[in-house]
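What follows is a set of notes on a single structure, which appears directly below.
Values in this text are rule-based calculations from the coordinates and carry no lab data. Quick caveat, the model's predicted, so the values are computed rather than measured. Cβ: placed from backbone, ideal geometry, glycine included. Neighbour counts: every protein chain shown.
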Amino acid sequence: MKKNALYLLILSILAISCSSDKQLHKELSYIDVKSDYPEKEINLTDIAEVTYIHLNTKNDDFLYKGNIDYVTRNTIIVVDRSTQSMLFFSKDGNPKSHFNRKGQGPEEYTDAAYVMYDETTDEVFISPDFSDHIKVYSSSGEFKRKLTFPKININGQMVLFDDQSIMVYDNTNLWQNIREKYSGEKMVLAKQYVDSSFYLISKTDGKVLEYISLSNKNIDLSYSDPEGSFFGQINFARVRKSPDGLFLYNPENDTIFLYGKDRTLTPYMHKKPLLSDLKPITAMDICMDAGKFQFMSVYPYLTDGNTPEAKYFMRDKKTGEIFRQKFFLSDYKGKDFYINPRLPNYYENGYHFELDLFELKEAYRENKLSGKLKEFAASLNEEEDNNIFVFLSFK
């Protein structure tokens, strides 16, 4: 009798849990990847303030090969990937400062795989790939301190959370499992056991302040090419800023969580049908909340190793309407844009596009440009100058 009673209790708990999950998903904002949402054409100037910027590189110290790595309210940071130099520009595109501390010394970085900048304290946080630390500098290159992770982080993601802390996503266990599955090799990386993929560390000394556990249904989203020459997973965004804190996400569980400024964790948005109910699998990436809209993307699961083609959507937060993105600029005839929520390292209300200068000059010759964009294209040389950036500040 006791065993039967215990069995019934377990079944009751499971039933309540499943019922709670269903009710929770029913009340959350969601995207249905099986729905044929309509396309909506929108002028970017209707939803955001638009600014065109060219990063001034007439000073040779500010020439670079690479893209924008980080943007704050007043500063644009570029990492020159050919030299690992850090370049700082104002929001009007003028050079501010630069430094290069690449090396093997205790106050140097081996590479700048991940970069963050806190302009209120003028602190640059640089984490090399496959490392167990962050090194902190001023924007002029003065070394300040080293923050040490609990274990080596292969190439995780991190976001400045508040004045005291940084949120870190550690993908080491994920990649260890993928590598073991396809190659049979095991990686022994842990300096100490960490019972979470997300954790909050102090900006001052690197001390772990909190571990955050998200449910994970262990659905395998990895893939390999037919010949087995490489394996991997779509590089889903796992953490990004939001107006109310941070979004944390395990795509294997279909639900995005909001980690609030008060350190509470609540479900925010989900995808349906669930991964476990989909054949073939279609996974959602993280959400971007900006202005009046939420921006989303979904990716099909591929087994052949080819790059999956994403589909991009947006949701009106007031009406709940979801539609496929199709943005345009009045200054650029015939050019379509989409907003990818994966773009990291941004203050909450901004985004940018990069316009290829060769393509822009061709559009200029075909009389497709107008306004400030036309002026830029007329004055720049595609053989010597860098691309143009379109910056958005959502209304």
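Worth a mention:
- Among the listed pairs Lys279/Lys317; Lys151/Lys181; Lys40/Lys292; Lys40/Lys311; Lys65/Lys151, those with a Cα-Cα distance over 24 Å are Lys279/Lys317; Lys65/Lys151.
- Label positions at Glu41 and Lys292, each projected 7 Å from the Cα along the C-beta direction, are separated by 1.9 nm.
- Linear extension gain, Gln233 paired with Tyr338, 0.36 nm per residue minus alpha-carbon span: 35.5 nm
- For region 85-187, relative contact order (Cα pairs under 8 Å, six or more residues apart, normalised by length) works out to 15 percent.
- Region 101-213 - share of DSSP beta bridges that are antiparallel (%, nearest 5): 95 percent
- Label of the coordinate-derived value, volume of the Cα convex hull per residue in Å³, listed as [x] 183; [y] 239; [z] 152: [x]
- The gain in end-to-end length when the Thr204 to Glu366 segment is fully stretched comes to 52.9 nm, 0.36 nm per residue minus the alpha carbon separation.
- Measuring nothing but how far apart in sequence close Cα pairs (under 8 Å, 6+ apart) lie, relative to its length, the chain scores a relative contact order of 15 percent.
- For the pair Lys318 and Glu185 in one chain, pulling the backbone fully straight at 0.36 nm per residue adds 42.9 nm over the alpha carbon distance.
- DSSP bridge analysis restricted to the chain gives an antiparallel fraction near 90%, rounded to the nearest 5.
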